[in-house]
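Some notes on the structure that comes next.
The values are calculated or read from the model by the stated rules, or taken from the named source; none is laboratory data. All values derive from a computational prediction rather than experimental measurement. Here Cβ is always computed from backbone atoms with ideal geometry, including for glycine, and neighbour counts include all displayed protein chains. We work out accessible area using only protein heavy atoms, side chains counted, and drop any ligands, DNA or RNA first. Shrake-Rupley method; radii C 1.70, N 1.55, O 1.52, S 1.80 Å.
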Amino acid sequence: MPTRIQKEARPDTMLLNMGPSHPAMHGTIRIMLELDGERILNSEVEVGYLHRGFEKTCEHRTYFNLLPYTDRLNYVSPLINNLGYVMTVEKMLGVVVPERAQHIRVLMSELSRISDHLTCLAAMAMECGAFTVFLYKMKAREFIWDVIEQTTGARMTTSYIRIGGVRADLHTDFDVVLKKAVAETRGVLKDVHGLLDKNKIFLNRTRDVAVMSPEDAVAYGWTGPCLRSTGVLYDVRKAFPYLIYDRLNWDVPLGERGDNFDRYLVRMREMEQSLRIVEQAAARIPKTSPALTAGGIEPSAAIRDSRRRRVREAVALSPNLEGSEEYRYPDILASDKGYVVPPKEETYTSIEGLINHFKFFMRGHGIRPPKGDVYFAVEGGNGELGFYIVSDGTDRPYRLHLRAPCFHIVAALEQLIRGRYVADVIPTFGSMNMIGGELDR
Amino acid sequence: MGVTEKHMSRDKKKRPPAGQFITTQFNSLLGWARKFSLFHYPFVTACCGMEYMSAACAHFDIDRFGAGWTRFSPRQSDMLLVVGTITHKEAPVLRTVYEQMTEPKWVVAFGTCAVSGGIYDNYAVVQGIDRIIPVDIYIPGCPPRPETVLDGLLKLQEKIQHQDQDWRWKKRTY
Ligand code: SF4
């Protein structure tokens, strides 16, 4: 079936197809270009190559079980997606999250933001030919991911932020690893500034290319670093502060012209601000209860004993559950019994614990928010990441909609590349940070 | 230092003992050559691509195992890495890319989505790429850690080494 551009193209022009698997681009998106020589007269962007049925699938999962699907939306910053979804549900339920958990959430989402910006700029630079920058940024990202892995147990798909708090407390060595990651990232940012800021090739391809006016940006629904690059001050963390962002000291970097270079620069500066936030949050984080001395009886022995008597000794959990022992629960999870997974120690050793656990996961039970709908947004890597959930009082959402920031940004691609050269598509597309999982859902 | 240099120069003059040769079969020689010169084409669609990047970059460095050269054109590559979810909309594209590759070619299913559809058991996702193209190695994980990827690569190399190789003037028995 002919597409719009095939029908409308002038007979003397050439149609060129970029994507969905193109050597000079990343992600799965198809751009049809109508070319007059090197000039782009018109274009048509086709999305949907990564439509995985996220929203429909969520209607069949319980509120607790659909968390892993949110990891895979913007897969470069999964923790922010977790946060957005979880805070939406919390808003519906009215859960109060402990202070320490709030600090951990801020720490983790800022680290995620850094990894998101690093990846976006790395890909953009690589496609412009700056392969060194790509390698440097990937190096920094590995150090950030070391912190994330140590805390959450996974590198990417973490499912760490849970309804009511976080899954596990920070590791005892957290400060050491964090310090290293921050220092390494700072170094890499400095190197990258040195490599790109005055680089003639990079400037030629980005300066004054694909300029977006603030009015158009707002009209398209742009948010995040792309909107701020045009000079509009809108950051969900400042406009509608959540968690502890209003208590920390940080700035919102703004661009002036709204071209590719500004989008690059705003992202770079934002990473510096994120590092500032991370350091402050790490310094202010409330102290936890003292670490339990290692040991305790084996779960299997505890289960055996629990048939005869009430087990009062500490139960050694498997290393996978490190950080989520029962005595840490007050620090990291809300006290509401119905919204959080009961501690494993109780599940293993007492009949009430087992029943609680069973009821939490049983079909038709578990988390059941009141009837109604709710919208909540957090500042994602690309902008305002909003979740809209309609609840009909059962244990699964009646409808879940995601406001994906990069959907609105990619919508403006056709306008931005009109009249430009073919080569300008690459940095323009790169600076938008198109993430398939979020765009196509 | 002087002594060593003298020693070395004397060594250099020594001629190699006669008869330094190895015996092998052409098949395994070809397998040996092929397994260490895998040019790969990453067909990156989704989240697993992030781990592919990690595996390819400095920390894990897939280059150590002879698969460092990423070619972004199917016509220049031997190994197709299918990284990420393949939806029904994407499937014809993947098939085309596979058919554009020249022989000999190997396919790696990278991540649970490519292996079996993964957590997306729904209307949109192809339940495993082996429904559309033949697969040589399955690397599980959602996403697989870079170590798993490297392990998968080693397994593929082993497979290539022991495979019946194809070459132009080979006598066909069929
Ligand atoms: S296997 Fe998991 S991480 Fe990989 S593409 Fe599928 S959902 Fe994403």
Problem - Residue, farthest from B:GLY118 (Cα to Cα), within segment A:54-69, restricted to residues that are within 12 Å of the ligand (Cβ to nearest atom) and free of Cβ contacts under 8 Å to residues at least 24 places away in the same chain - result: A:THR57
Handout entry: Candidate set: segment A:91-133, residues that are out of contact with any Phe, Trp or Tyr (no Cβ under 8 Å at 6 or more places or on another chain) and part of a loop (DSSP other than H, G, I, E, B); chosen: the one most open to solvent (accessible area, probe 1.4 Å)
Key = A:VAL96
Completion exercise
Exception for A:MET87 within (1) open to solvent by less than 10 Å² (accessible area, probe 1.4 Å); (2) at pLDDT 90 or above falls at (1)
Exercise for the section: Evaluate segment A:350-362: report whether one residue or more is among the aromatic types (Phe, Trp, Tyr) and open to solvent by 30 Å² or more (accessible area, probe 1.4 Å). Expected result: yes
Fill in the blank from the handout: Considering residues that are near the ligand (Cβ under 10 Å from one of its atoms) and either at the interface with chain A (Cβ under 7 Å from one of its Cβ atoms) or open to solvent by less than 10 Å² (accessible area, probe 1.4 Å) (or both), the number found within segment B:49-63 is 3
Handout entry: Those residues of segment B:115-138 which are more than 9 Å from every other protein chain (Cβ to nearest Cβ), within 11 Å of the ligand (Cβ to nearest atom) and open to solvent by less than 10 Å² (accessible area, probe 1.4 Å), in sequence order
Key = B:GLY117
Practice task
Enumerate the pairs (first residue in segment B:39-63 and part of a loop (DSSP other than H, G, I, E, B); second residue anywhere and of a type in the set (Asp, Glu)) with beta-carbon separation below 9 Å, excluding pairs fewer than 6 apart on the same chain, so at least 6 apart or on different chains.
Solution key: B:PHE39/B:ASP78; B:THR45/B:GLU90; B:CYS47/A:ASP71; B:CYS57/A:GLU142; B:ALA58/A:GLU142; B:HIS59/A:GLU142; B:PHE60/A:GLU142; B:PHE60/B:GLU147
Exercise for the section: Say whether the condition of being within 30 Å of A:CYS58 (Cα to Cα) and at the interface with another protein chain (Cβ under 10 Å from one of its Cβ atoms) is met by at least one residue in segment B:64-81. Expected result: no
Problem - Unmet criterion (only one of (1) under 28 Å from B:TRP32 (Cα atoms); (2) more than 11 Å from chain A (Cβ to nearest Cβ); (3) not in a helix (DSSP H, G or I)) for B:PRO144 - result: (2)
Practice task
Could you figure out which of (1) in contact with a helix residue (DSSP H, G or I) (Cβ under 7 Å, 6 or more places away or on another chain); (2) at pLDDT 85 or above isn't true of B:HIS40?
Solution key: (1)
Practice task
State yes or no: is A:GLU46 away from the ligand (no atom under 16 Å from the Cβ) and of a type in the set (Asp, Glu)?
Solution key: yes
Exercise for the section: From A:ASN199, A:ASN204, grab the single residue that is more than 30 Å from A:LYS344 (Cα to Cα), open to solvent by 70 Å² or more (accessible area, probe 1.4 Å) and not acidic (Asp, Glu). Expected result: A:ASN204
Exercise for the section: Scan segment A:363-380 for residues that are at positive phi and open to solvent by 30 Å² or more (accessible area, probe 1.4 Å) and report the count. Expected result: 2
Handout entry: Count of segment B:147-161 residues which are surrounded by 21 or more Cβ atoms within 10 Å (Cβ to Cβ) and within 14 Å of chain A (Cβ to nearest Cβ)
Key = 1
Exercise for the section: Tell me, yes or no, whether segment A:407-425 has at least one residue that is within 22 Å of A:CYS226 (Cβ to Cβ), among the polar types (S, T, N, Q) and open to solvent by 10 Å² or more (accessible area, probe 1.4 Å). Expected result: yes
Exercise for the section: Look through A:GLY194, A:GLY231 and report the one residue that is on the phi > 0 side of the Ramachandran plot and more than 14 Å from chain B (Cβ to nearest Cβ). Expected result: A:GLY231
Problem - Answer residue from segment B:85-114, given it is near the ligand (Cβ under 8 Å from one of its atoms) and more than 8 Å from every other protein chain (Cβ to nearest Cβ) and is nearest to A:GLU59 (Cα to Cα) among those - result: B:CYS113
Handout entry: Unmet criterion (only one of (1) within 30 Å of A:ASN42 (Cα to Cα); (2) among the polar types (S, T, N, Q); (3) open to solvent by 10 Å² or more (accessible area, probe 1.4 Å)) for A:THR394
Key = (1)
